[in-house]
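**Q** Here's a structure for you.
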Amino acid sequence: MRTQVAIVGGGPAGLLLSHLLHRQGIASVVLESRDRAYVEQRQRAGMLEQGTTDVLRESGVGERLDREGLVHHGLELRFGGAGHRIALTELTGRTVTVYAQTEIVKDLVARRLADGGDVRFEAQVVEIDPATPTVTFRQNGRLHTLECDYIAGCDGFHGVSRPAVPELRTFSREYPFAWLGILADVPPSTDELIYASHDRGFALHSLRSPKVSRLYLQVDPQAEIAAWPDERIWSELATRFATDDGWELREGPITDRSITPMRSFVAEPMRHDRLFLAGDAAHIVPPTGAKGLNLAVSDVTLLARAFTERYAEGSEALLDGYSASCLRRVWRAEHFSYWMTTLLHTDPHGDDFARRLQRSHLDYVVSSTAAATSLAENYAGLPLTP
Ligand code: APR
Ligand code: PHB
């Protein structure tokens, strides 16, 4: 068995890479350990930078995104009982779009299969050799070997690709909180996202459609989901979103709930020999700035360009620059996500001094055009440079 690019992992990074390569006439095989239903149902974030929607649209997988995605021009920071709008589009000229990661995955899987792509579910990669290069995977109880020119490690944080990079340097930060996320069958109580900072902890009101709300609460990282029955979730959300003018949160049946730990993580370099890491395999951000999916998309966009140059012109220049190009953008997003997380969350170990500083910082962000613009240009996403 042989292909040009062996892609480990069929999340958004692996699927989009395979699609972008196909459009350039480059063959790939995607090996995904889970089944199709699982990858299409996994709930993740859903805020897309304009650069991300551009890549999806320009590569011909933006049809449903254009129909169902909700274009946003601003967001709200809420604290001290009042809301403050950050006018993203006025400040940056760009928009963001709410469209769930699960929907992108469904669109990409459907498109790869319609284009005759080789996407194998329940195919677990067990070994990677970046030198030969080869990938060994288990499918239907048997081991198979896939030979290739290059390997793309798109297998997420718990994958097997990253450990195949020797002399890896890693950088990380754990946070003393996690996010409890819910999906609820209730029309959103807001048109734009609300990021709320409250003494009891952070809360986020996002949405999925005119009828479905997505909400998050800062909780203890050791919290058990069983300790959060519906009434407790709604009452805590109502408390953290409360305003002096009596804003009301609509409630409805909760259809999905989970607790996600928060961490920052970067692995350097993102390449070893013929193996290239992309997406969560190489870096994790806390979800506050909604950068995870956008970074995965920018990584594979750069990687697809680099493979295109290699196969069309025989040059490895872009492949050689891949890791450094990605890491510049990754570290910007790491800083922004860390910054936005610490700006908005309540540190359980923090003292009153820290809380006062945080409040001053929030006041500054919503009252200074310079500070608001800095938030806005990072949130809406910086341009993709090679
Ligand atoms: N063999 C094959 N597939 C594997 C293996 C393996 N050994 N290990 C992991 N995988 C698969 C996982 O099942 C998963 O479907 O790799 C895929 C990785 O997908 P994601 O975790 O979604 O990562 P990525 O594609 O980089 O997307 C990043 O996901 O976590 C979010 O916020 C993050 O939105 C961002 C996005
Ligand atoms: C989401 O809609 O899931 C979402 C939106 C914005 C974030 C994080 C998650 O910052």
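**Q** Which condition number does Arg271 fail, the rest of (1) assigned by TED's automatic domain parsing to the domain that holds Gly156; (2) in contact with a Phe, Trp or Tyr (Cβ under 8 Å, 6 or more places away or on another chain); (3) open to solvent by 60 Å² or more (accessible area, probe 1.4 Å) being met?
**A** The one condition Arg271 does not meet is (3).
**Q** Name the single residue, out of those in segment 45-99 being aliphatic (A, V, I, L, M) and open to solvent by 30 Å² or more (accessible area, probe 1.4 Å), that is farthest from Pro383 (Cα to Cα). Full working, then the answer.
**A** Going residue by residue through segment 45-99, those that are aliphatic (A, V, I, L, M) are 45, 47-48, 55-56, 61, 65, 70-71, 75, 77, 82, 86-88, 91, 96, 98.
Next, from what is left, pick out any that are open to solvent by 30 Å² or more (accessible area, probe 1.4 Å): 45, 70-71, 82, 91.
Numbers: Ala45: 21, Leu70: 21, Val71: 18, Ala82: 32, Leu91: 15 Å.
Checked segment 45-99; the qualifying residue farthest from Pro383 (Cα to Cα) is Ala82.
**Q** Test Phe177 against the criterion of being crowded, with 16+ Cβ neighbours inside 10 Å and either in the same structural domain as Tyr338 (by TED's automatic domain parsing) or of a type outside the set (Asp, Glu) (or both), and give yes or no. I'd like the intermediate steps shown before the answer.
**A** Details: crowded, with 16+ Cβ neighbours inside 10 Å: yes; either in the same structural domain as Tyr338 (by TED's automatic domain parsing) or of a type outside the set (Asp, Glu) (or both): yes.
Yes: the conditions hold for Phe177.
**Q** List, please: which pairs have Cβ atoms under 9 Å, are six or more places apart or on different chains, and start with a residue in segment 213-237 that is open to solvent by 70 Å² or more (accessible area, probe 1.4 Å) and end with one that is not aliphatic (A, V, I, L, M)?
**A** Between residues of segment 213-237 that are open to solvent by 70 Å² or more (accessible area, probe 1.4 Å) and residues that are not aliphatic (A, V, I, L, M), the close pairs are Asp220/Pro176; Asp220/Phe177; Asp220/Pro348.
**Q** Residues to consider are Ala333, Ala306; find the one that is away from ligand 1 (no atom under 16 Å from the Cβ) and without any contact (Cβ under 8 Å) to a residue 60 or more places away in the chain.
**A** On the way: Ala333 fails: away from ligand 1 (no atom under 16 Å from the Cβ).
The conditions single out Ala306.
**Q** Say we look at segment 180-216 and pick out the residues that are of a type in the set (S, T, N, Q) and under 19 Å from Met262 (Cβ atoms); which of these is nearest to ligand 2 (Cβ to nearest atom)?
**A** Looking only at segment 180-216, we keep the residues that are of a type in the set (S, T, N, Q), and these are 189-190, 197, 206, 209, 213.
Checking which are under 19 Å from Met262 (Cβ atoms) leaves us with 197, 206.
Working: Ser197: 13, Ser206: 3 Å.
Per the criteria, the residue is Ser206.
**Q** For segment 309-330, how many residues meet the condition of being open to solvent by 40 Å² or more (accessible area, probe 1.4 Å) and within 15 Å of ligand 1 (Cβ to nearest atom)?
**A** Qualifying residue count, segment 309-330: 1.
**Q** Given the conditions (1) touching a strand residue (DSSP E or B) at 6+ places or on another chain (Cβ under 7 Å); (2) free of Cβ contacts under 8 Å to residues at least 60 places away in the same chain, and given that Tyr364 satisfies all but one, which numbered condition is not satisfied?
**A** Result: Tyr364 passes all but (1).
The values are calculated or read from the model by the stated rules, or taken from the named source; none is laboratory data. Here the structure is a predicted model, which is why all the values come from computation and not from measurement. With ideal geometry, Cβ positions are generated from the backbone for all residues, glycine too; neighbour counts draw on all protein chains shown. For the accessible areas, the whole protein counts, side chains as well, though only heavy atoms, and no ligand, DNA or RNA atoms are used. Shrake-Rupley method; radii C 1.70, N 1.55, O 1.52, S 1.80 Å.
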